[in-house]
Amino acid sequence: MGHDHSHAGHSHGAHLHHSHAAGFDDRRAYLIGIVLNLGFVVVEVAFGLFAHSMALLADAGHNLGDVLGLLIAGGASLLARRKPSQRRTYGFRRATILAALANGLLLVVATGAIVWESIGRLRNPGPVEGGLVAIVAAAGVLVNGASALFLMKGKKHDVNVHAAFIHLAADAAVSAGVVVTGILLSLTGYNLLDPVVSLVLSFIILASTWSLLRRSLDLALDAVPEQIDPGQVRGYLGGLPGVREVHDLHIWAMSSTETALTAHLVTADGSPSSPGFLRDVCHELHQRFHIEHATLQVEPHETGAPCPLPCRLASDEAV
């Protein structure tokens with residue numbers, strides 16, 4: 001019993017992954033968002049060409065980015081459901097983390113394109129059909145807002161869903177700004193309002209995207225998920241009956257909703273203190289810290305290093 005991976009500690013019925021204990025169906029939300037946004041892109045391109053409005057065409061391109069982002073997020077969600085194989089023992093769960101990172105980067109690129117276009121319009125503003133722009137942009141607020149609402153329930157527990165939500169909510173804000181701009185253009189005829197408002201909204205979107213990118217990158221680099229305090233986890237394991245030392249502790253995200261842990265527990269004789277020790281510890285790790293997959297190795301207390309040097313170094317660093 002030196003090494004045990006106790007499935008009793010997983011408590012699959014309590015998993016946050018894709019159920020969120022509130023009946024959230026991310027596949028349905030992604031599908032609705034894709035259909036709504038793809039339909040709106042077609043409408044926006046048609047009206048943009050009819051009104052000779054580069055603003056609407058640029059916004060159509062931005063909304064096409066929404067469709068791509070939702071396809072990435074939805075595809076990753078489907079991949080995460082595939083069963084593990086001999087080669088991919090964790091399955092494709094990590095695809096959700098990569099999708100969140102890709103979605104954030106896509107949003108940055110799309111926003112950068114808007115900034116570039118807006119700077120060009122500052123230098124050479126052209127006539128804009130303000131009334132038509134406002135009407136079509138108002139439809140964009142409804143489409144993006146409704147799509148974001150379908151994802152709101154799952155964004156707290158899944159960084160992949162959170163990325164898609166931020167993407168849609170940001171586009172709803174862009175469309176709202178375009179509505180206001182269109183109305184003001186109709187009233188004043190001041191064409192510089194269009195690029196100025198676009199620049200302001202772009203910087204707001206970039207600011208909101210930064211936290212998403214940082215969180216996604218941390219998870220991709222196997223950092224401890226931000227909702228878990230590694231010091232508390234180490235303290236809990238170190239306070240277990242019979243445990244003299246905890247080392248080689250690692251906590252990382254298997255997917256955007258599941259967390260894994262490995263640790264070496266040093267005891268006097270290298271045995272668990274009770275028959276149900278490992279099962280109970282895994283269960284408690286899930287209950288206290290929402291760690292679904294825990295692998296614990298119990299080792300005897302020795303005068304020398306309990307494991308090779310690389311493990312020893314890992315135990316001395318912050319997890």
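The values are calculated or read from the model by the stated rules, or taken from the named source; none is laboratory data. Predicted, not measured: the structure shown is a model, and the values here were computed from it. Here the Cβ is made from the backbone with ideal geometry for all residues, glycine too, and neighbour counts use every protein chain on show. All accessible areas refer to the heavy atoms of the entire protein, side chains included, with ligands and DNA or RNA removed. Shrake-Rupley method; radii C 1.70, N 1.55, O 1.52, S 1.80 Å.
Summary of values
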| read-out | value |
| --- | --- |
| Per-pair calculated FRET efficiency, R0 = 35 Å: L78 and L122 via Cβ, rounded to 0.05 | 0.25 |
| Carbon and sulfur %, accessible surface of the stretch 68-195 computed with the full protein complex present, 1.4 Å | 68 percent |
| Label point distance in nm, Q287-L187, each placed 7 Å from Cα along Cα→Cβ | 6.0 nm |
| Probe 1.4 Å - accessible area at E226, Å² to nearest ten | 120 Å² |
| Share of Cα-Cα pairs in the stretch 126-238 lying beyond 24 Å, as whole percent | 44 percent |
| Accessible area in the full protein assembly, largest first, 1.4 Å probe, for E44, E284 | E284, E44 |
| R28 paired with Q86, simple spin-label distance in nm, labels 7 Å along Cα-to-beta-carbon | 3.9 nm |
| Separation in nanometres of the label points that stand 7 Å from Cα toward Cβ, at I204 and H301 | 6.1 nm |
| Förster-model FRET efficiency, 22 Å R0, F50 and V109, C-beta, rounded to 0.05 | 0.20 |
| Percent of Cα pairs exceeding the 18 Å cut-off, where the set is the stretch 80-131 | 61 percent |
| Share of alpha-carbon pairs per 5 Å distance bin for the stretch 68-161, given as whole % | 2, 11, 12, 17, 17, 12, 10, 8, 5, 3, 2, 1, 0 |
| HN-Hα J in Hz across the stretch 230-245 - Karplus 6.51, -1.76, 1.60, θ = phi - 60°, x for Gly and Pro | x, x, 5, 5, 4, x, 5, 5, x, x, 5, x, x, 8, 9, 7 |
| Computed E for S211/H250 - FRET, C-beta separation, R0 35 angstrom, nearest 0.05 | 0.90 |
| Cα Rg, Dmax (largest Cα-Cα span) when computed across the stretch 245-303, Å | 12.3, 40 |
| Viscosity 0.692 mPa s, 37 °C: Kirkwood-radius Stokes-Einstein D of the stretch 179-293 over Cα pairs, µm²/s | 182 µm²/s |
| Heavy-atom accessible area order for V109, V197, V233, largest first, 1.4 Å probe | V109, V197, V233 |
